[in-house]
Each structure stands twice: as C-alpha cells, then as structure tokens.
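*Asks:* I am attaching a structure below and will ask some questions about it afterwards.
FYI, it's all coordinate maths here, none of it is from the lab. Since this is a predicted model, take the numbers as computed values, not measurements. When we count neighbours, we look across all protein chains shown, and the Cβ atoms used for this are built from the backbone with ideal geometry, even at glycine.
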Amino acid sequence: MSEATSVETMRRIIRQALASMEEHADELGRLDAAAGDGDHGITMVRGMKAAVAVLDANAPDAGALLSRGALAFSDAAGGASGALYGMLFATAGRQLGAGPYATADVAAAMRAGCDVVMRLGKAQPGDKTLLDALEPFLVALDAAADRPLPVAWRTALPAAQAGTAATAGMVASCGRSATLGERSLGHRDPGAVSLTYLLEAVDKVIGEAESDR
Ligand SMILES: [Mg+2]
C-alpha cells in the first residue's frame, strides 16, 4: 500500500468514525446517563468533529494523521473519555508512523496505546471502561496477526463486542462512572460501546477498500 493510499484510508476512517458517533450519539448519552452525566454521545461527536477538522492539513503519513486527530479530539472532547481516547490514538499513531501497516504493526501500535491508557488512566480490564472492549480485541487481533489486516480486524471484532456486552455485569471502579459505582450495574459501559463503534467504523472502511481490489 502506498503512503498516499494509507493517508487517504486514514482520512476515510476518521470521517466514518464521526458518522458513527453521530449515528449513535443518543444511545451513548443514554448509557452514560445511567451512572454519569449523560454527555458521552455529545462529547464523542464534538471530539470527532475536531479530528475531522484537522484532516485537511498535510500529514506526511497515516500515523501522523491519527496522532494529530487524536490530539484535536482530546482538546475538544475534554473530560476523562477525551483524555483516554486522546492517549490511546495519539500513542498508536506515533508508533504506527509511516508504516509498514501489516497486521502485526497495527496490532503493536494499538497495544502501545492500550498500555498508556492502563498506566496513565490507572485502569485495568474488568474496571468497566473502554479497556473491556479494547483488551480482548487486541488479543484476538494478535492471534490473527499472520492474516491480512482487513481479515484480521474483522475476525477480532466479535471479541470487542463480547467484551462490551460483558460490561453490563460489571460495577465501575474507576473512570467516569466510578463515583456512582453500583448504579452502573446492568448497563454497558458507554466507553466500551463507543470504542466498539469506532473499531466497527475502521472495519467498514478497510473492509470496503479490500473488496474494491
Ligand atoms: Mg459523561
């Protein structure tokens, strides 16, 4: 894949991510309202709009574009989820850089972002955060690392979806819902849900690119 193709693919991914957040904003808000302030949908849309707004700037490679979008997202979204998402994708973008973009490289970049979220966000899988979608996704992506990226990504998606479903049975111990702990029981974590929608947005773009060939 040429660098120009990769940059264009990343642009399409970020635009698709905004479209997905707009489509699901009400649902994310309702989930957040169960144990938080109900702003998660609004926050994600505001952040993704800021990420889309920096797309026209010249980016040397797809990783740089992702990092730049992540920082714009973080500034605009604010709050805990803005910071966590910002850390995740800014770190992943920096590690991804100019590629190569084989499955193992993308998985390693996402893993680096995940590690930063765990360390700086002081969260672990089981705490009812986006990590409950991300961690199982990355384990599944690693397991498919010898397959082409669009195939591996699609193969790993059910792990994120199952991880997200499982958050309904968890009590938040950190992150946005921690102060309302027990009230979060029975509701999926909005961060895990939004992350899964973002992973699905990536699949939609790279899956289509694959079938175009
Ligand atoms: Mg909130």
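*Asks:* Which value in deg cm²/dmol, rounded to the nearest 500, describes the helix-derived mean residue ellipticity at 222 nm for the chain, given -39,500 (n - 2.57) per DSSP H run of n ≥ 4 and division by the residue count?
*Replies:* Estimated from H runs of four or more residues: -24000 deg cm²/dmol.
*Asks:* Moving on to the next point. Along the charge dipole of the chain, which of Ala62, Tyr197, Ala90 sits closest to the positive end, that is, farthest toward it, with unit charges on the beta carbon of Lys, Arg, Asp and Glu (+1, +1, -1, -1)?
*Replies:* Result: Ala90.
*Asks:* What Kirkwood radius, in Å to one decimal, follows from the Cα pairs of the range 82-132?
*Replies:* Final number for the Kirkwood radius of the range 82-132 is 11.1 Å.
*Asks:* Same structure, new question: Go through 150-163, 113-126, 66-79 and give me the packing order, highest mean Cβ count within 10 Å leading.
*Replies:* 66-79, 150-163, 113-126
*Asks:* Taking the Cα centre of the chain as origin, work out the dipole magnitude from +1 charges on Lys and Arg Cβ and -1 charges on Asp and Glu Cβ, in debye rounded to 20.
*Replies:* 260
*Asks:* May I pose another question? Hey, which aspartates and glutamates would be in cross-link range of Lys128, C-alpha to C-alpha under 13 Å, not counting anything within fewer than 8 residues on its own chain?
*Replies:* List returned: Asp32, Glu182, Asp189.
*Asks:* Sequence gap at least 6, Cα distance under 8 Å: using those rules, report the relative contact order of the chain to the nearest whole percent.
*Replies:* Result for the chain is 21 percent.
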